[in-house]
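Notes follow the structure.
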Amino acid sequence: MKLLIIAGEELNKENTYSSVFELHQAIALKERGIDVAIISLSLKGSIYSRIKQILFGEKYKLRELLNLFFFAKSLKHNINDINVYERIGYRYIPGRFRSNADIKRIGLKAFKSYVKHEKLPDLIHAHSRFLTSAIIALKIKKKHNLPVLITEHSSHYARNLISEEVLCLTKKLYTEADKIIAVSSTLANILATRIGIKLPIVIPNVLDPNYSNQVYSKNLSHDFIFLAIGTFDLNKNHELLIKSFSKAFNGNLGFKLIIVGNGVLESHLKFLILTLGLSNQVRILGHQSRNEIKDLIIKSHVMISTSKIETFGVVLIEALAFGKPIISSKSGGPEDIINEYNGILFKNGDTHSLGKAMIYMHSNYKKYNHQKIIDNCNRDYGPKNIAIRLEELYLDTIKEYINENKTNY
């Protein structure tokens with residue numbers, strides 16, 4: 001089978017983070033023997049702004065100006081043995097006249113580069129967070145008569161951040177697709193209700209292949225450490241976490257809280273820690289590499305998520321992959337992940353409920369079967385098993401498409 005994945009965001013050698021879900025999925029599918037490649041768009045804003053930067057910059061560069069219009073090329077990367085075809089593009093249609101024409105134009109150029117090297121795929125799998133990949137995939141479908149699946153990741157639908165205009169566009173696009181996938185049952189229900197489509201198929205994000213099939217390590221910190229990873233914004237709700245930790249453990253130096261991330265609320269959170277007298281117990285770390293995060297998970301005892309809304313919870317399954325129990329708010333996606341054997345769900349936004357969960361977790365930590373947590377995580381989210389589920393869905397989709405369209409494309 002020949003598969004093309006369209007990444008929801010930028011993917012190149014300098015940035016493997018934005019579309020890391022797509023990359024991990026591609027790696028897992030390649031292990032199944034599927035011939036898989038990815039196309040990615042890097043949208044750099046308005047063409048007119050870029051022209052201004054070139055013309056009125058410190059050094060006028062004719063070559064850069066010519067590249068914008070005549071010599072721009074799709075770039076081919078090889079990332080973890082996956083071919084990625086990236087197209088860097090700019091919007092030509094400005095301001096209030098902006099449309100999806102630019103996305104289609106740039107996307108088709110990226111697809112043309114892919115076909116030149118790899119020929120036509122049997123199926124396209126688009127990962128959607130901002131509809132960009134869905135728009136491209138369905139344009140290709142119309143032009144080349146190919147089946148399309150779309151996986152939706154975005155929390156914007158649950159957070160009511162989608163305008164009625166975009167909801168109408170989403171419904172149009174998703175009705176044209178052959179299959180819609182959601183990464184959690186909560187997101188599937190929200191999409192069905194808000195957009196008015198058939199209930200999507202639920203297939204979760206795949207676990208990072210580097211995190212799979214671990215053996216539980218007892219190399220824990222002497223202190224009991226709670227770990228949280230996420231952007232410092234209102235949705236992640238780290239303020240609740242810090243206040244709950246303070247009520248439960250303030251002054252008891254045997255308990256530590258480590259928060260990894262960055263964002264607009266970083267200064268506010270640091271001031272809160274200082275105000276509550278937690279400087280010796282709570283640490284805020286900036287952006288950490290994948291290896292650094294892996295090491296932090298291994299040495300910590302519990303992973304915590306306090307998000308108001310979460311469509312899935314990748315950091316939660318990464319903690320489970322190392323046998324760590326988890327605590328999470330009832331925020332959507334985590335309800336699919338957490339059960340009585342691997343963690344605790346607490347009432348969303350409730351300081352007392354979270355504090356109680358943290359105390360219970362410490363008191364009952366020895367009751368958790370850490371190797372069983374690892375084994376169950378690999379069963380539910382491991383690359384091999386998720387790839388099998390996807391491959392079965394791909395084959396069914398291709399078969400149905402051929403029967404419905406009476407074509408041997």
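Cross-link pairs exceeding 26 Å in C-alpha to C-alpha distance, out of Lys172/Lys399; Lys198/Lys399; Lys308/Lys384; Lys112/Lys198; Lys13/Lys308; Lys116/Lys198, comprise Lys308/Lys384; Lys112/Lys198; Lys13/Lys308; Lys116/Lys198.
Counting Lys and Arg as +1 and Asp and Glu as -1, each charge on the Cβ, what is the dipole of segment 348-409 about the Cα centre in debye, to the nearest 20? Can you show the working numbers first?
Details: 9 positive and 8 negative charges, 90 e Å.
So the magnitude is around 440 debye.
Taking label points 7 Å from Cα along the Cα-to-Cβ direction, His222 and Asn80 give a separation of 3.7 nm.
Taking label points 7 Å from Cα along the Cα-to-Cβ direction, Cys168 and Lys347 give a separation of 4.1 nm.
The modelled label-to-label distance for the pair Gln371/Glu118, using points 7 Å beyond Cα in the direction of Cβ, is 4.0 nm. If you plug the beta carbon distance of Leu108 and Lys270 into 1/(1 + (r/R0)^6) with R0 = 51 Å, you get a FRET efficiency near 0.65. When His125, His117, His156 are arranged by Cβ crowding within 10 Å, least crowded first, meaning fewest neighbours, the order is His117, His156, His125.
Give, rounded to the nearest 20 debye, the magnitude of the charge dipole that the chain has about its Cα centre when Lys and Arg contribute +1 at Cβ and Asp and Glu contribute -1 at Cβ. Don't jump to the answer; show the numbers that get you there.
Details: 56 positive and 38 negative charges, 209 e Å.
Roughly 1000 debye for the chain.
Evaluate the relative contact order of the chain (contact order divided by residue number), counting alpha-carbon pairs under 8 angstrom at least 6 apart; express in whole percent. Present the calculation step by step, with values, prior to reporting the outcome.
Values: 740 pairs, mean separation 60.5, N = 409.
RCO, the chain: 15 percent.
Work out how much length Leu199 to Glu404 would gain on full extension: take 0.36 nm times their residue separation and subtract the Cα-Cα distance, in nm to one decimal. Don't skip to the answer; put the middle values down first.
Details: separation 205, 0.36 × 205 = 73.80 nm, distance 2.05 nm.
Full-extension gain reported as 71.7 nm.
From the alpha carbon centroid of segment 108-159 to that of segment 306-361 is 33 Å.
Of all lysines in the structure, the ones whose alpha carbon falls short of 16 Å from that of Lys372, not counting any fewer than 8 places away in one chain, are Lys218, Lys324.
When the C-alpha to C-alpha distance is required to be over 18 Å, the pairs from Lys299/Lys366; Lys30/Lys179; Lys109/Lys141 that qualify are Lys30/Lys179.
When the alpha carbon coordinates of segment 291-343 are projected onto the principal axes, the ranges are 27, 22, 14 Å, largest first. In the chain, one over the average inverse separation of all distinct C-alpha pairs is 23.0 Å, which is the Kirkwood hydrodynamic radius. Counting 0.36 nm for each residue step from Asn364 to Ser289 and taking away their Cα separation leaves a gain of 23.9 nm.
Every number in this text was worked out from the coordinates using simple rules, so none of it is lab data. Note that this is a predicted model, so its numbers are computed, not measured. Backbone-built Cβ (ideal geometry, glycine too); neighbour counts: all protein chains shown.
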